[in-house]
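Colleague: Here it is: the structure, laid out below.
The values are calculated or read from the model by the stated rules, or taken from the named source; none is laboratory data. These numbers were taken from a predicted model, which means no experiment stands behind them. Ideal geometry is used to build each Cβ from the backbone, glycine not excepted, and the neighbour counts take in all protein chains shown.
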Amino acid sequence: MRVALHTRVRDDRIEAYEAAHREVPAELTAAIRAAGVTGWTIWRSGTELFHVIECADYGRLLAELERLPVNIAWQARMAELLDVVHDYSGAGADAGLPVVWEL
């Protein structure tokens, strides 16, 4: 499945956000892959961030990462940089952006 998400980086934290993503912990990327993700791309336009996740099951991805210590630490780091964060609550499984058009 493919899921699109929207988050927002704080205006004064763009450089730190991009630097953090040059150093994503190997343990976290391994856990993301193990949870069924085959691709995750983030685009930035100003402070707006758009994610596209290719995965087997987005709900499973959220459930497997939600309580994982390396992800909890990563999300705490991201919370310092973002105005709109990635939602790991139960509602998050349906929180992707709706498809408007597809070719």
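Colleague: Of the conditions (1) surrounded by 13 or more Cβ atoms within 10 Å (Cβ to Cβ); (2) free of Cβ contacts under 8 Å to residues at least 24 places away in the same chain; (3) assigned to a strand (DSSP E or B), Trp43 satisfies every one except a single condition; which number is it?
Modeller: Every condition holds for Trp43 apart from (1).
Colleague: Only residues that are surrounded by 14 or more Cβ atoms within 10 Å (Cβ to Cβ) and under 24 Å from Val99 (Cα atoms): list them for the range 29-40, please.
Modeller: Those that are surrounded by 14 or more Cβ atoms within 10 Å (Cβ to Cβ) and under 24 Å from Val99 (Cα atoms): Ile32, Ala35, Gly36, Val37, Trp40.
Colleague: Which of the residues that make up the range 60-81 are surrounded by 15 or more Cβ atoms within 10 Å (Cβ to Cβ) and not charged (D, E, K, R)?
Modeller: So in the range 60-81, the residues surrounded by 15 or more Cβ atoms within 10 Å (Cβ to Cβ) come out as 61-65, 68, 70-71, 74-75, 78, 81.
Answer for the range 60-81, where residues must be surrounded by 15 or more Cβ atoms within 10 Å (Cβ to Cβ) and not charged (D, E, K, R): Leu61, Leu62, Ala63, Leu65, Leu68, Val70, Asn71, Trp74, Gln75, Met78, Leu81.
Colleague: Report yes if Asp87 is modelled with pLDDT under 95, within 12 Å of the chain's Cα centre (by Cα) and charged (D, E, K, R), otherwise no.
Modeller: Here the answer is yes, as Asp87 does meet what is asked.
Colleague: Additional query: Can you tell me which residue in the range 53-70 is modelled with the lowest pLDDT, limited to those that are of a type in the set (D, E, K, R) and closer than 17 Å to Thr41 by Cα?
Modeller: Asp57
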